[in-house]
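Everything on this sheet refers to the single structure shown next.
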Amino acid sequence: MNRLLEHKLELTKKKKQQNSGFLSPEKHLWALNPWWQTFLWISALSWGATASLLANEIMSFSWPLPSNWNLHPNYYTIIFFLTAFVLIFGFALSSWVARAQDSVVIESMLTMPPHDFWSSYGENFSIASQMVDKRSTAMFDGLVELKNSPNELDSLREDLEKDARTILDSIINLVKKWDSSNLRGSSVIYRANLMKVYYFGDGEDCIAPDSEIAKQLNEHGKRFTQQPASSHYSGFVVLENNIYTTTTETSSPDPDVDRKAIAFPFTDLANNLEYPIYSNLVGAPKAVVSRSASYVPDVKNIIDDYVKNSSVVDMKILEQLEEYYSDTSVAHSILSIPVRNSDTLKVSFVLNIYRNQNGLLFDGSKVKDFVEIIRPFITTLARLLETGELFDQLRSQQEKQ
């Protein structure tokens, strides 16, 4: 309980610091308005002219002030210094805001992708698009031609998995290329994985809460889950194995062999659950529910967000989260992007891009741009994954016949 209280106090302190927006240059962009600048310079010229005309009165300052000081020459001296202070403050504010704007422009230039980014992007996307087209044709032809050769069909499935890793590899290398001036050290490793989304329910694309697969998912994610899972959550987002994982540690798109199965529950606000618990962790669970990218600049934020936004904070889950995210040697910052099914538009997978250093994509300032730019890759990847799932369904039907 003390740990939970400490977390909440720390979050309150951070919130107060973030709310000091008055000290932000963006709040004072009006100081760069041409009308304000004109007024400031006219006031400065008028002040200078008035100071010259009343120089004798201004210089005849005496102390202490007389009782009728407002009729005394001291009055001119005090007005002189007060107006000087106001003008100095006005010019200083304008200069501060202008310098801040210049810094924004410079920072924007420094955080732009390098000159060879777009050539690499075009080349990789062309390869990925053609690869998916050929793979789709080969797999459906194979279902007909190789229906009595299970080993050949397994080989086709493995080829599709390799193609998916090739696309993942292209994506993380593009991220790394964009991040080239955002690396502290040469040992930064980028990784990617695809987590599959399972929904509880009776629909065609859902799983029954008491099914074997639901029990297996619950086993993978039980340390982050309050039981019974089907009463509290809408489903799981799960990394089932290392088939859809890769890393820049290897030159070829090989599986990231050290990745283990893990699952996180999520709760959709639209679901009518018996006892809903809204504890969607930032990252993959948040991406599923919000249907938009979720960015984690530092994995410690996941713990803070759980304490702050969860409808029910479980101390055991909090301890497990602290333990799981204590090791930042693999994932220190994460970008989770939902992959939607083209027919149902439901989130069927989540693409996670992460590195062993915080501040991925310039502390998130380029996340929105990158997500928009990478969308064609996500669409192509979704086509490939849908091909794999349809292939599995048709093959299963063949085997039953």
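Contact map, region 80-97: first residue among the polar types (S, T, N, Q), second residue open to solvent by 60 Å² or more (accessible area, probe 1.4 Å), Cβ cut-off under 6 Å, separation 6 or more or different chains; pairs are Thr83/Trp47.
Condition check ((1) out of contact with any Lys or Arg (no Cβ under 6 Å at 6 or more places or on another chain); (2) in a loop (DSSP other than H, G, I, E, B); (3) open to solvent by 60 Å² or more (accessible area, probe 1.4 Å); (4) in the same structural domain as Leu384 (by the TED database)) across all residues:
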| residue | (1), (2), (3), (4) |
| --- | --- |
| Val288 | yes, no, no, yes |
| Ile302 | yes, no, no, yes |
| Leu318 | yes, no, no, yes |
| Glu323 | yes, no, yes, yes |
| Ser329 | yes, yes, yes, yes |
| Leu335 | yes, no, no, yes |
| Pro338 | no, no, no, yes |
| Asn358 | yes, yes, no, yes |
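Scanning region 345-395 for residues that are among the small types (Gly, Ala, Ser) and either modelled with pLDDT under 90 or in contact with a Pro (Cβ under 8 Å, 6 or more places away or on another chain) (or both) gives Gly359, Gly364, Ser365. Whether any residue in region 229-237 is within 19 Å of the chain's Cα centre (by Cα) and of a type outside the set (Phe, Trp, Tyr) is what I want to check. Yes, that holds for at least one residue. Could you check, for region 193-211, whether at least one of its residues is of a type in the set (Lys, Arg) and under 19 Å from Ala382 (Cα atoms)? Yes: one or more hits.
The values are calculated or read from the model by the stated rules, or taken from the named source; none is laboratory data. Worth saying up front: this structure is predicted, and the values here are computed from it rather than measured. For neighbour counting, all protein chains shown are included, and Cβ atoms are generated from backbone atoms with ideal geometry for every residue, glycine included. Just the protein is used for accessible areas: all its heavy atoms, side chains included, with ligands, DNA and RNA removed. Shrake-Rupley method; radii C 1.70, N 1.55, O 1.52, S 1.80 Å.
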